[in-house]
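A short write-up of the structure that comes next.
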Amino acid sequence: MQVSLVCRSNYSRVRTSGYLINSAQFGQGVYRPYRAYQTVDEAVDDQGGDFDYVIVALKALPNIYDSAQRVERAVGPATMVLLFQNGIGIEQPFVARFPHNPLASTVVFISVKQVDDDEESGTEAASGGPVVLRHGGFSFLAAGLHHHPPGSGAHDTARLRYL
């Protein structure tokens with residue numbers, strides 16, 4: 001599976017060096033995404049869209065912006081959309097915008113912190129190396145289908161379990 005990311009402030013470092021993950025549970029390792037982009041449009045233009053999965057992991061701020069609209073170009077006819085957002089009723093804008101796509105809503109609790117360079121002085125982070133993530137050892141993720149096109153429930157459940 002090729003995983004591409006849309007990053008904001010840490011885009012340059014993720015693109016060139018990835019993430020250095022220091023985990024109390026899994027040890028240390030470097031993760032490099034297949035591709036990193038600054039915008040959804042850039043990802044779609046480069047890869048042609050029609051992604052198998054689109055994970056929405058940005059703050060749900062419906063009074064400020066429409067999360068579904070932000071990812072719209074990346075959602076093709078067979079794309080499963082997974083929401084990694086907090087909030088009540090966050091699914092409705094996605095169901096309205098993508099009525100023919102499966103939508104999974106996810107409860108996520110991961111004890112992780114992106115470490116500032118000054119906290120990691122003397123390491124690669126201070127010299128522009130990978131973005132450092134400190135994982136405290138606790139992770140919980142539970143996903144379930146919120147919406148799926150008629151007749152596709154079993155198939156979409158299998159796709160969700162694949163992840």
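The values are calculated or read from the model by the stated rules, or taken from the named source; none is laboratory data. Keep in mind that this is a model prediction, so the values were computed, not measured. Ideal geometry is used to build each Cβ from the backbone, glycine not excepted, and the neighbour counts take in all protein chains shown. Side chains are part of the model used for accessible areas, which takes the heavy atoms of the whole protein and leaves out ligands, DNA and RNA. Shrake-Rupley method; radii C 1.70, N 1.55, O 1.52, S 1.80 Å.
Below are the figures for this structure:
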| item | result |
| --- | --- |
| P(r) tail fraction, the chain - alpha-carbon pairs more than 26 Å apart, % | 34 |
| Unit charges at the beta carbon, dipole of the stretch 1-80: most positive-side option, LEU5, LEU20, GLN47 | LEU20 |
| Label-reachable residues, the stretch 129-150, where backbone N falls under 20 Å from a point 7 Å from ASN10's Cα toward its Cβ | 129-141 |
| Bridge type composition, the chain - antiparallel percent by DSSP, nearest 5 | 50 |
| 1.4 Å probe accessible area per residue over the stretch 1-104, in Å² | 61 |
| Long-range HN-HN contacts of GLN85 with modeled amide H, under 5 Å | THR106 |
| Accessible-area composition of the stretch 38-109, carbon plus sulfur, in percent [1.4 Å probe] | 52 |
| Relative packing of 22-29, 103-110, which averages over residues the other C-beta atoms within 10 Å, highest first | 103-110, 22-29 |
| J(HN,Hα) series, the stretch 81-87, from Karplus relation 6.51 cos²θ - 1.76 cosθ + 1.60, nearest Hz, glycine and proline x | 9, 10, 9, 10, 10, 8, x |
| Difference of contour (0.36 nm per residue) and Cα-Cα distance, ALA142 to GLU42 | 33.0 nm |
| Relative contact order, percent, the stretch 56-109 [alpha-carbon distance under 8 Å, six or more residues apart] | 39 |
| Helical contribution to [θ] at 222 nm, DSSP H n ≥ 4, -39,500 (n - 2.57), averaged over the chain, rounded to 500 | -5500 deg cm²/dmol |
| Cβ charges +1 (Lys, Arg) and -1 (Asp, Glu), total dipole of the stretch 4-74, debye | 420 |
| Rg to Rh, two decimals, where the stretch 1-85 supplies the alpha carbon set and Rh follows Kirkwood | 0.99 |
